[in-house]
1. Any idea which of (1) of a type in the set (S, T, N, Q); (2) under 26 Å from the mean Cα position of the chain (by Cα); (3) modelled with pLDDT of 90 or more is the one N501 doesn't satisfy?
2. Could you grab me the full set of residues in the range 519-563 that are in contact (Cβ under 8 Å) with a residue 40 or more places away in the chain and more than 15 Å from ligand 1 (Cβ to nearest atom)?
3. Yes or no: L479 within 25 Å of E591 (Cα to Cα) and touching a helix residue (DSSP H, G or I) at 6+ places or on another chain (Cβ under 7 Å)?
4. Are any of the residues in the range 506-515 within 12 Å of ligand 1 (Cβ to nearest atom) and either at pLDDT 95 or above or not charged (D, E, K, R) (or both)?
5. If you go through the range 404-421 one residue at a time, how many are in a loop (DSSP other than H, G, I, E, B) and farther than 21 Å from S458 by Cβ?
6. Residue check: is D523 under 28 Å from P703 (Cβ atoms) and not assigned by TED's automatic domain parsing to the domain that holds V698?
7. When the range 565-590 is examined, which residues are found to be more than 16 Å from ligand 2 (Cβ to nearest atom), under 21 Å from L403 (Cβ atoms) and touching a strand residue (DSSP E or B) at 6+ places or on another chain (Cβ under 9 Å)?
8. Within the range 497-554, restricting attention to residues that are polar (S, T, N, Q) and within 16 Å of ligand 2 (Cβ to nearest atom), which residue is farthest from E401 (Cα to Cα)?
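The values are calculated or read from the model by the stated rules, or taken from the named source; none is laboratory data. In this text, all values refer to a predicted model and were calculated from it rather than measured experimentally. Glycine gets a Cβ as well: all are built from the backbone with ideal geometry, and neighbour counts include every protein chain shown.
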Amino acid sequence: MPVPFTESRGWALWDARVLHPRTEQYLQSCYLASRDSKWAAMKSTSAFRPRRRQVVHVGYGGDVVKRTNAAGLVLRSFEVSVHPNMIVALTSPEYPIVRVNTALETLLGLDREELVGRSCRELLGWADGAVDIDLHTSSDAVLTCRAGRREPFLCRLVVRPVPDTDGGRATHSLCTLRDISEQVPLQSAAGHLASHDSLSGLILSHILEENLATELVRAVHACSRVIVCYLRIDRFDMIDEVCDFTVAANLTRMIAERLTQCVDDPCRVSRTASGGFVAVFVSQDASIDQLDVGQSIAAALEPPFVLGSMTRRVTASVGVSCFPDTASGVHELLQQAAAAAYAVKRIGGNDVHAYTSTLDGDLGRQLKLADELDGAVQRGEMELVYQPVLSTAKREVVGMEALVRWRSPKLGFLMPDQFIPFAESLGMIEEIGRWVLQEACAQARRWLDLGVGDFTLSVNVSRAQMRGRQLLEDVRRALDASRLQASFLDLELTETAIMTNVEEATWTMRELRKMGVKLSMDDFGIGQSSLGHLQRLPVNRMKIDRSFVAAVPDDVNAARICRAIIGLAHEFGFSVVGEGVEKAVQLAFLERNGCEFVQGYLLSKPVSADAMLAILREPVLYPRETNGKSHNGAVLLVDDEQNVLRALARLLRRDGYRIFTASTFHDAFEILGTENVHVVMSDHRMPEGKGTEFLSRVKATHPHTIRLILSGYADLGAVTEAINGGAVYRFLTKPWNDDDLRETLREAMRMAQAAVSEA
Ligand code: C2E
Ligand code: MG
Ligand code: MG
């Protein structure tokens, strides 16, 4: 007979949430305290009813909890509990049983000698692999127990890991078994019990997996998509602990009903051994968005649940995966959905994440990264470097972009591409972004205090930071804390982040502009801007994506795009920053096309705050051009024969031109990139291709030049086409007449210089 544990032995319930007098930690569940204030670190399980301030029976104690002067009492309480309890060791995957109580002996009809030392996994019959229960985490499972001397019976297993005395990793778990066979109608027991979870009424996980496998085969034939949603009810443990068993069980059943309604088929929803839910959707619609499906599931849980006299709201961490988009098999699908749900849970729950490749493959490695990232900011592992931004008009540094780096003691030195996308998918980017803002503004203040003048400090803002009003608050705080004027700060928002939710982004941007902060649109050209939106965006600058700049001068299209972006930006009243400038030819190209600011390795790589200070004190990173107006224009001669080049240079120098020569098209483009060339004269037959084609490319990249062909070989078709297309102004033949050639050159030069002054 269980002994009611009340005040009779000198103990009374103190409070459900008491502060432990020695460890000064809140005790998680309910604890008992003696009247004379000697504490027993003892935990009651679900039998505790806080509302009635009453202890019905005691859960566990003994060697799994802190030994105090009440240790003997704890042991006896464990022993007399009405709950069939056992303590298992987590040190081996077999989970050996280290202690049992009388109630368990009675339930199973076995003596403790027969139980202690035995594998819990084998005892409860899940060694066959049908279900697997992780005893390291709090869980609640329903299984058919085949142990002992009685017939197999349905039981509920409640697992609670027991933290060690220092609150560290659990080495043991308390397992409570309840016989729930009477709660299920006897007649349905045989078939139903074998396939259904009696608590929720849903099918068991392994049955769902079998059904899912069949759905996948059907989906291949029907070209349909199968979407798997994994749900973890947020903080369900708390509901389970604070309310009594019936409330938690009813809530579970009601959640199960709502999910079943969502999928229209009870064979597509199950409850997992660890208490999560899986729902499977099949859709013929190829355009269906898996996130929408996940959101519809989350929405189904929004209305409050009425449980007798009380109502409860629940939220869930929902992860979604999709066949064939993200996974090709049952386990992969389930694992991906669970990984995505785990990612949501880590960031506080109540959200839906679709599985992405950032959560890919080696989940363990990802989790390690997530674990390391968690708290990295507080541990001071983040650093900022600064890359100078130059004005092409002044040819000096006018600002810098702050770029984050992570120096992890375990993972090494990481560049943003290695952790920012991951932090974004885990929802940790807000914290990092907040730190970057604060640190960058504080650094700007230090530079100003050291006497450097005006500059613009650019800080990258991720898409996730754009949601809601938090960004405004973070910016305000960073400016206030550093006493930095808002006009010093420029926020870089990527084109994609803005365009994904243009209404919300525009509102946030307007508010930022009201504060006096500048805004740049980062990585412009790779996103999907609509011109209608562009004209309404309150940005000051556009940053041309560095992939376009990198392709100049070799890729004619990239050059065209750069020019188009510059033109477009100016049309809308924005200035332009060219990013990723690595070559002189790229710098010259951007300058010539009116790009106001440049940034790139050619000028400076990202540097430390100290090095940036030195640059701010000596801001000229590249000199002014000195080849002003002391000549009558510049001519570029292109020919693979050196003697032709020499003869032409000798002849034309008489007319006061600056002469450049190139024996390949590649060299010619290098020169065009760095020098202000007016006239280009090329041979037609070159080893790399036709002169007409080369001049067509020159026309695209350097349209202000006047282009001539000088050739001993006439490909009439090509030449006519080039002339008609405007790529070639004149066609001259070899051998040439000196006077005619000089006259043609003079005419071409006049035209080129007229075009420049018009522009
Ligand atoms: P971004 O904002 O477009 O930054 C420019 C990136 O280009 C930086 O890479 C910079 O080091 C690199 N870069 C600059 N000049 C050159 C060049 O001449 N050649 C080449 N190949 N690269 C050049 P980084 O530091 O690796 O940053 C990569 C991206 O990570 C940034 O692209 C930005 O989107 C993101 N990021 C960096 N810091 C932060 C941050 O604090 N918050 C957020 N949300 N994102 C950040
Ligand atoms: Mg940037
Ligand atoms: Mg960029």
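1. With (1) of a type in the set (S, T, N, Q); (2) under 26 Å from the mean Cα position of the chain (by Cα); (3) modelled with pLDDT of 90 or more applied to N501, the lone miss is (3).
2. Hits for the range 519-563 are N540, P553, D554, V556, A559, R560.
3. Spelling it out, it is not the case that L479 is within 25 Å of E591 (Cα to Cα) and touching a helix residue (DSSP H, G or I) at 6+ places or on another chain (Cβ under 7 Å).
4. no
5. Within the range 404-421, residues that are in a loop (DSSP other than H, G, I, E, B) and farther than 21 Å from S458 by Cβ number 3.
6. yes
7. Residues satisfying the conditions are Q586, L587, L590.
8. Filtering first and then ranking leaves S547.
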